[in-house]
Structure formats: structure tokens, C-alpha cells
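A quick write-up on the structure given underneath.
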Amino acid sequence: MAVLSCSFTLSPRIFNPYSSFECRPDPDFSTAPIGDKPRLASSRRVTASSLYAGGISSRGLSSLIFCFPPNFVRQLSIKARRNCSNIGVAQIVAASRSNGPAPDSPFLAAAASAQAAAAAVNATATNDGAALEGCIDNGSVQIGGSDNSTTTFLSSDGSITVHAGERLGRGIVTDAITTPVVNTATYFFKNTQELIDFKEKRRQSFKYGRYGNPTTVVAEEKISALEGAESTLIMASGMCASIVMLMTLVPAGGHMVSTTDCYRKTRMFIENFLPKMGISVTVIDPADVDGLEAALNKNKICLFIFTLEMTIHPLECVDIERVSKLCHSKGALVCIDGTFATPLNQKALALGADLVLHSATKFIGGQNDVLAGCISGPEKLITEIRTLHHILGGTLNPNAAYLIIRGMKTLHLRVQQQNSTALRMAEVLEAHPRVRRVYYPGLPSHPEHEIAKQQMTGFGGVVSFEVDGDLMTTIKFVDALKIPYIAPSFGGCESIVDQPAIMSYWDLSQAERRKYGIEDNLVRFSFGVEDFEDLKADVLQALETI
């Protein structure tokens, strides 16, 4: 709330209760009528008398809050005073400063003036009928279940600043368009009976921040709606979501199938850490359905196959419907990483997958400003994963959940632009003499183009291609680009470019990189929402430098 901008100089004069300071209206509310709308009931405020009883008169600096320029009340809008109810400022700022100090005690005079003004405000609120049965309406926020003893048991400023407006003021429902961010680490019960009701499942509560948050629930429900899923669990990162899911669904001594081209850190966990739990792994090429069938026939795949619907390099596509039917016939679950496709370009659950995983950091968040991961699927499976998640942690901060919610509101607009730009740029690159090969499922030349056409409505915003040259030639091309950032990740509003041999696989030898299909001249370009012609011109000028 920015109603007044105040500036004053900190100097020895600050100890004078009548030192002047400037206030300018922003905007000018000098003509705003006072008392034209009901205010919060007095039970929700800290009265000037209770503040004074706490010892304000003995603290010279504290009393400065009661000293205002003559026009202060006129400049302060009625709406702003309503919204100050959390700390009881509404009554205090209504106090008018007299033209001169009282001869005996300026502090007592100011406090008495504030107390009188508070009484007048309370009387007005009563006359206007501000307190409604069941809730208190201040025009924008409804507060239900408030307790009249909000501050009567508190005697110090310290306790009031901690608890005023919060300790007993739960059940806030706002008519704000945006979802409020609920920043809390824990949740309280008004009495022991409420706690017992919660324990015996007669009352709902998150109880503790690791178990849920109202803001996070909104993000989860939004993703579920897009995926057509019964439930979604959102976590602190995509890797967190992957690991919790694997540890939940693959039992000790079990067997699972993964792909050669899944996210490298996920593959490292699968190959290096799961064997320590007695879990064996078969790794196949993502397009090798025959290899998958052989693995299913040879091993008892306990619960799970991990694959990607559109892999990072060289952007291969998996026939989700075929793979799902095959795995289900052997009693195996199917999880699809939908990060590249997004829920807009592809509905993995509708195609037969049991679970769909996203690094929400990418397209879902879409602003390159938040880390998050999510898993969507049937309530039963998500509940199992959620149970382990509550033990391990990895909880998404509610501020990050808000950023996910905000980012998703433009997801469809961003993805449409990115789909269009990527397809057009893939066609430009494929026709360029200094590009050896382009990997993009939207191109007819792509080996899985027909599969992509059947199960996708758009082909994504990421294009991989090989420059006609070696490692150093590719570096020269990347460094000549002016628009994209050289960075990891993808899916944001800003275009990002990286050379995987250096960005993600530099710790491996050239021969080891080639095992994963990573050539030194490979470039991954994530197109943002910039103008197509600008991006085209930038890529073409960079190619001319090599």
C-alpha cells in the first residue's frame, strides 16, 4: 500500500516530537470523503489506549508515531486506513495534531488526542454497522472467525508486532484477482479438540509447511487441470520430483527400464544410486520398442519404466500409446517426462501413461526465475509419492508456487509463439549450407515425425542441430549470437543457446560423449518469445562467421 511518500532527515532534531517532515500525496486524496464506508470492528484493532498502556509515554521515540502534519488526515484515504487494520493504525492515524505542543507533556497530549480519535472511529464503525455476522467486510477482504481477545492478553509492543492481525485472525478470503502467497512454516489449532479432530480426520489442516500450503495447492490444481490428472504433486525441483517418484515406485530388489537419453542427472541417479538399494536397471534407446519388449520378457519389471516422450538429443519421440500398452501387459507402470512437450502440446496421460513428470522450471514457469518440479497422475499413485515426499522434504516455497501460477497464465501464448518460431527456424536451419543436420520432430525429415504428428498438437520450442564444423567452429558460432543467452535450461521467454558437449558433458571425453549422441558440433537452441525475424537474422549472421 503506497499512499504517502514521506521523507525526513535523521539528525539530533529527531528527538524533538515536533520536528517537521514532508509528506506528499501519491495520489492526492485530499478530497476523499472520510467515513463513507464501514471499517473493521474494533475487536480487530490495537487501540491507542492499549498501546499507551504498554508504556509508550516512557519511550520518547515511540511517541513520534502520534505526531502528524496538520493535513495528514486529509491526505490519507479511507481505503488506506481500512487496510492498515492489521496493526491498529486506522485509529492512530486519525489523530489530529494540535497547532502547538501542550505545555505539560507533548507525548501525553498526542496520545490522548489519538485515544479520543480512536474512540470516535470506533463509535462511527458501530453506527455504520461494520461488523457483520460471521465475517467482517472492509470492502476487499473478508475475515471470518475472528476473536475479540486478539490483543487484550498482550502487553508489549514486541508481542503485538508478532501477533496482531495474525494470531487469532485466520480464515481470510480475499477478492483479489491474484492468488495470495501464504508464507507460513506451520499451521495452528485454536484448541486441543481441533487438533484431536484433525488427528481423527474430522478436520482438515496442513499442520506443517512440509505437508502443504494453500498457494501450492492452487499451482497443483492448475497443472492437474491441464494434464487431465486426478492429482498433482509439486516439489522444489524436477530432480527432486524424479528421485522421490523413483524411490516410491521401485521397491528394493526391483527392476526398471530407462532410456539412454533421459536427463543426465536422472540417469546418474538411476545408474549409480538405485543399485545400492538392490535395484537393477535396463537402459535402452528411446525408440527401441523391441529392446523394451525384450527387457520386459527377460526381467520382472516390478512397477515402473522411465522414458521420455521427446528426448534432449537428438529430440527423439516415443510412441506413448504403444509403449504404455506393452508395459501394462507386463504389469509395469509408465512415466513420461513431459517437460519438452508441455501439457499443451501433448497429453501423455490420455495416451496411456500412468504418470507424467515435468521440470516446471522450464515451459510451465516460463520466466527463468523459479525452480520447481511436478508429477501428475491417479490419486492413488500420487498419494503414495506424496507420503514419501512428506518424509524427505523438498517442499516448494509458496513464493515459488506463486511464480508458477503467474507463469502458467501465459503458458498457452508463450508455447504458441515458441512452437511457431522453432518450426520456422528448423526449416531455415535445415536449408542452410553451414548446418549439417537438424533434429526437430516437426520436420518431415525427422525419423519419428509421424509419431509426433499423431500424439502432439505442437512440436515444442527447442531445436537441436549440428554445425558444419568441429568444437571450435561451433564455439565461434555460439559466441557470435547476440540475442540468446549462453545458459543451461530452456522454455523461458528469453532464448537460450548451449553447446551440450561443453555445457553438460565437458567432464566426459569425446568418445564418452558420443556414446550418448553428443557430438562436439551439436547446438541446442531454446527459442523464446522474441520476434521471429530478429531471431532469424541473428542466427544467419552468426552462421556467416564460421
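The values are calculated or read from the model by the stated rules, or taken from the named source; none is laboratory data. Because the structure is predicted, anything quoted here is derived from the model rather than measured. Heads up, the Cβs are rebuilt from the backbone with ideal geometry, glycines too, and the neighbour counts pull from every protein chain shown. Accessible surface is based on the protein model in full, side chains and every heavy atom, while ligands, DNA and RNA are left aside. Shrake-Rupley method; radii C 1.70, N 1.55, O 1.52, S 1.80 Å.
Tabulated values for the structure
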quantity	calculated
Summed side-chain charge close to LEU371 - residues other than LEU371 whose Cβ falls under 14 Å, Lys, Arg +1, Asp, Glu -1	+1
Per-residue ³J(HN,Hα) for the range 427-435, Karplus 6.51 cos²θ - 1.76 cosθ + 1.60, θ = phi - 60°, Hz, x for Gly and Pro	5, 5, 5, 5, 8, 7, x, 9, 10
Sulfur and carbon atoms: percent of accessible area, the range 411-545 [1.4 Å]	51 percent
Entries of LYS380/LYS515; LYS300/LYS380; LYS347/LYS476; LYS201/LYS222; LYS276/LYS330 with Cα pairs more than 32 Å apart	LYS380/LYS515; LYS347/LYS476
Net charge of Cβ neighbours under 15 Å - reference ARG513; Lys, Arg +1; Asp, Glu -1	-3
Global geometry of the range 157-409, whether rounded, prolate or oblate, following the gyration tensor of its Cα atoms and the 1.5 cut on a/c	prolate
Proximal lysines to LYS207, defined as alpha-carbon separation beneath 19 angstrom and excluding residues fewer than eight positions away on the same chain	LYS190, LYS199
Fraction of antiparallel bridges per DSSP, the range 157-409 only, in percent to nearest 5	40 percent
Other-chain or far-sequence residues with amide H under 5 Å of SER231's (modelled H)	GLY377, GLU379
Residues whose placed amide H lies under 5 Å from that of GLU530, excluding near-sequence neighbours	SER495
Other-chain or far-sequence residues with amide H under 5 Å of ARG437's (modelled H)	GLU466
In Hz, Karplus ³J(HN,Hα) per residue of the range 341-357 (6.51, -1.76, 1.60; θ = phi - 60°; x = Gly, Pro)	6, 6, x, 7, 7, 7, 10, 5, 5, 5, 8, x, 5, 8, 9, 10, 10
Karplus-derived HN-Hα couplings along the range 316-326 (A = 6.51, B = -1.76, C = 1.60, θ = phi - 60°), whole Hz, x at Gly and Pro	7, 10, 10, 6, 4, 5, 5, 4, 5, 4, 5
Radius 10 Å from Cβ of THR259, net charge of other residues (Lys, Arg +1; Asp, Glu -1)	-4
